[in-house]
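Peer 1: The structure follows.
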Amino acid sequence: MADKVRLSIEWLSGCSGCELGIVDLHEKLLTVLSEVELVRCPILMDTKEYVEADVGLITGSLRTVHDVESAHKMRKACKTIIAFGTCPVYGGPHGASFAHENEELLSKAYVKNPSTKTTTLPQGVPQLLEQGTRPLDAEIKVDLYIPGCPPHAAFIFEALTSLLRGAEPKIGRRNVCFGCDRAMVKSDVSQMRRAFEGDFDPKTCFLSQGCLCLGSVTLDRCLSPCPKAGVPCFSCAGPSEAIVLEPQKDVRTEIATRMAHLTKIPYDVIVREIETQAKTFYAYAMSSPVFREKPTFLLKKWIQPERTA
Ligand code: SF4
Ligand code: SF4
Ligand code: SF4
C-alpha cells in the first residue's frame, strides 16, 4: 500500500467554522482519512510542533503577530500550502477592522464595553498586526486557494481528493446566482427594502424586489444556500472571478446597474445604500488587495458620517 499523505492543519485568526466544514464531509471523511495521515490538527490533537507534512491546510487569517509566526512555520514544514476558507484567502469577516484603528477596536471590546468594568486592557490579549487583518499570501506563498465561509463539503472533497491523486482540483467558476432558482424579472418596485423588512416572494430575485443580494458578484463555494432559504447573499465566499480579475469592476456599481435595470429604483439610491452598508457587503474580502487596491473602493470615505457621529 502506498504511503499515506501527511496532512498538517493550522488555524490562525478565525472562528473554527472551516474545521466544521471538514467534519461536514460526513462519511466521505473516511475516504479522505483512508489516504491521509493527520500529523497536526489543533482542534483535535495537542500537537504544538510544526512537523513536516506533504500538505498544510491553513484556516483563519493573519490578525496577530503569532499568526504570522505560525504561517511561516507551516510554510517551512509543508510542501504544499492550501489557504482554506475566505479568511486566509481574502482576510475574512474581521477584515472589517480595516475601517478602524487597533486601539479603537481593543478599547471597544475590552474597556468601553457595557459588560466590563476595567479601564485597562487585560493581560494576554494577542498583539494585533499594525496593518490590520491580512490574507495569508501577504506573508507566505500559497499553492491552492479555496474560499468559502466555510467552503461547502462538496468543494472540499473535490479539492482534497484531487490533491491526493496529484491532480488539479476542478472547483468551478460559477457565481451564487447559478444555484438560485429565483427569477430576475423587471418590476415596478421603487423603494429599497432590507432583508429584515421581509415578506419577499420566494420565486423572485431579491434585486427585483428592491433588496440587495450579492449573488451575481460572488463566487459559488457554497451551493447558494442563503437565497434558497429566503436570505439574500452577503458574499461570504468572496468576490466572483470578474471582480477579482478586472480592477475597474466594482461590487457596488455592478449590483447597482443590475438592480436599477430590474426595478424603478434610481442607480444613485442603490449605490448609496451599498456604501451605507459597506462594512457588511465588503467585509469578507476588504482586507485583500482585491478590494483595497481598487480605485473605486473608498470605504473610509463612505463610512465617514458614521465615524464622526
Ligand atoms: S472562513 Fe468563515 S468559517 Fe472559516 S474561519 Fe473564517 S469566518 Fe470562520
Ligand atoms: S441576485 Fe440573489 S436572489 Fe437574485 S438570482 Fe442571484 S442569488 Fe438569486
Ligand atoms: S452569503 Fe452568499 S456566499 Fe455566503 S453562504 Fe450565503 S449564498 Fe453563499
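Peer 1: Looking only at the range 241-256, which residues are in a loop (DSSP other than H, G, I, E, B) and either open to solvent by 40 Å² or more (accessible area, probe 1.4 Å) or modelled with pLDDT of 95 or more (or both)?
Peer 2: Those that are in a loop (DSSP other than H, G, I, E, B) and either open to solvent by 40 Å² or more (accessible area, probe 1.4 Å) or modelled with pLDDT of 95 or more (or both): E246, P247, Q248, K249.
Peer 1: What residue, of T59, T47, is of a type in the set (S, T, Y), away from ligand 1 (no atom under 16 Å from the Cβ) and open to solvent by less than 80 Å² (accessible area, probe 1.4 Å)?
Peer 2: Working: T59 fails: away from ligand 1 (no atom under 16 Å from the Cβ).
From the options T59, T47, the qualifying one is T47.
Peer 1: Take I82 and decide whether it is hydrophobic (A, V, I, L, M, F, W, C) and surrounded by 18 or more Cβ atoms within 10 Å (Cβ to Cβ). Give the steps one after another, and end with the answer.
Peer 2: On the way: hydrophobic (A, V, I, L, M, F, W, C): yes; surrounded by 18 or more Cβ atoms within 10 Å (Cβ to Cβ): yes.
Against the criterion (hydrophobic (A, V, I, L, M, F, W, C) and surrounded by 18 or more Cβ atoms within 10 Å (Cβ to Cβ)), I82 qualifies.
Peer 1: Are any of the residues in the range 94-101 part of a loop (DSSP other than H, G, I, E, B), away from ligand 3 (no atom under 16 Å from the Cβ) and under 15 Å from M286 (Cβ atoms)?
Peer 2: Yes, some residue in the range 94-101 is part of a loop (DSSP other than H, G, I, E, B), away from ligand 3 (no atom under 16 Å from the Cβ) and under 15 Å from M286 (Cβ atoms).
This table checks each residue for (1) open to solvent by 20 Å² or more (accessible area, probe 1.4 Å); (2) in the same structural domain as E35 (by TED's automatic domain parsing); (3) hydroxyl-bearing (S, T, Y); (4) touching a residue at least 24 places away in the same chain (Cβ under 8 Å).
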position: P151; (1), (2), (3), (4): no, yes, no, yes
position: K170; (1), (2), (3), (4): yes, no, no, no
position: A183; (1), (2), (3), (4): yes, no, no, yes
position: F200; (1), (2), (3), (4): yes, no, no, yes
position: L212; (1), (2), (3), (4): no, no, no, yes
position: T218; (1), (2), (3), (4): no, no, yes, yes
position: L223; (1), (2), (3), (4): yes, no, no, yes
position: P227; (1), (2), (3), (4): no, no, no, yes
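Peer 1: Got a sec? Which of F178, F196, F157 is closer than 30 Å to L29 by Cα, away from ligand 1 (no atom under 16 Å from the Cβ) and at pLDDT below 95?
Peer 2: The match here is F157.
Peer 1: Among the residues of the range 127-174, which ones are assigned to a helix (DSSP H, G or I) and over 26 Å from H94 (Cα atoms)? Show your work before the answer.
Peer 2: Of the range 127-174, the ones assigned to a helix (DSSP H, G or I) are 136-138, 153-165.
F157, E158, L160, T161, S162, L163, L164, R165 - these are the residues of the range 127-174 that are assigned to a helix (DSSP H, G or I) and over 26 Å from H94 (Cα atoms).
Peer 1: Still on this structure: Pairs please, first residue from the range 60-87 and over 23 Å from V125 (Cβ atoms), second anywhere and polar (S, T, N, Q), Cβ atoms under 8 Å, 6+ apart in sequence or on different chains.
Peer 2: As it stands, the answer is M74/S8; A77/S8; C78/S8; F84/T59; G85/T59, since those pairs meet every condition given.
Peer 1: If you don't mind, there's one more thing I want to ask. Where residues in the range 175-219 are assigned to a helix (DSSP H, G or I) and within 12 Å of I265 (Cα to Cα), which of them is nearest to the chain's Cα centre (by Cα)?
Peer 2: L207
Peer 1: Within the range 246-287, track down each residue that is among the hydrophobic types (A, V, I, L, M, F, W, C) and either touching a Cys at 6+ places or on another chain (Cβ under 7 Å) or more than 21 Å from C149 (Cβ to Cβ) (or both).
Peer 2: A256, M259, A260, L262, I265, V269, I270, V271
Peer 1: Hey, another quick one. For T263, all conditions in the list (1) of a type in the set (S, T, Y); (2) more than 10 Å from ligand 2 (Cβ to nearest atom); (3) within 27 Å of K170 (Cα to Cα) hold save one; what is the number of the exception?
Peer 2: Only one criterion is unmet by T263, namely (3).
Peer 1: Taking interchain pairs and intrachain pairs at least six residues apart, which have beta carbon atoms under 7 angstrom, with the first residue in the range 294-305 and touching a residue at least 40 places away in the same chain (Cβ under 8 Å) and outside any loop (DSSP other than H, G, I, E, B) and the second aliphatic (A, V, I, L, M) and open to solvent by less than 10 Å² (accessible area, probe 1.4 Å)?
Peer 2: Between residues of the range 294-305 that are touching a residue at least 40 places away in the same chain (Cβ under 8 Å) and outside any loop (DSSP other than H, G, I, E, B) and residues that are aliphatic (A, V, I, L, M) and open to solvent by less than 10 Å² (accessible area, probe 1.4 Å), the close pairs are L299/A99; L299/A278; L299/M286; K300/A99.
The values are calculated or read from the model by the stated rules, or taken from the named source; none is laboratory data. For clarity, every value in this text was computed on a predicted model and none was experimentally measured. With ideal geometry, Cβ positions are generated from the backbone for all residues, glycine too; neighbour counts draw on all protein chains shown. Note: accessible area is taken over every heavy atom of the protein model, side chains too, but ligands, DNA and RNA are not part of it. Shrake-Rupley method; radii C 1.70, N 1.55, O 1.52, S 1.80 Å.
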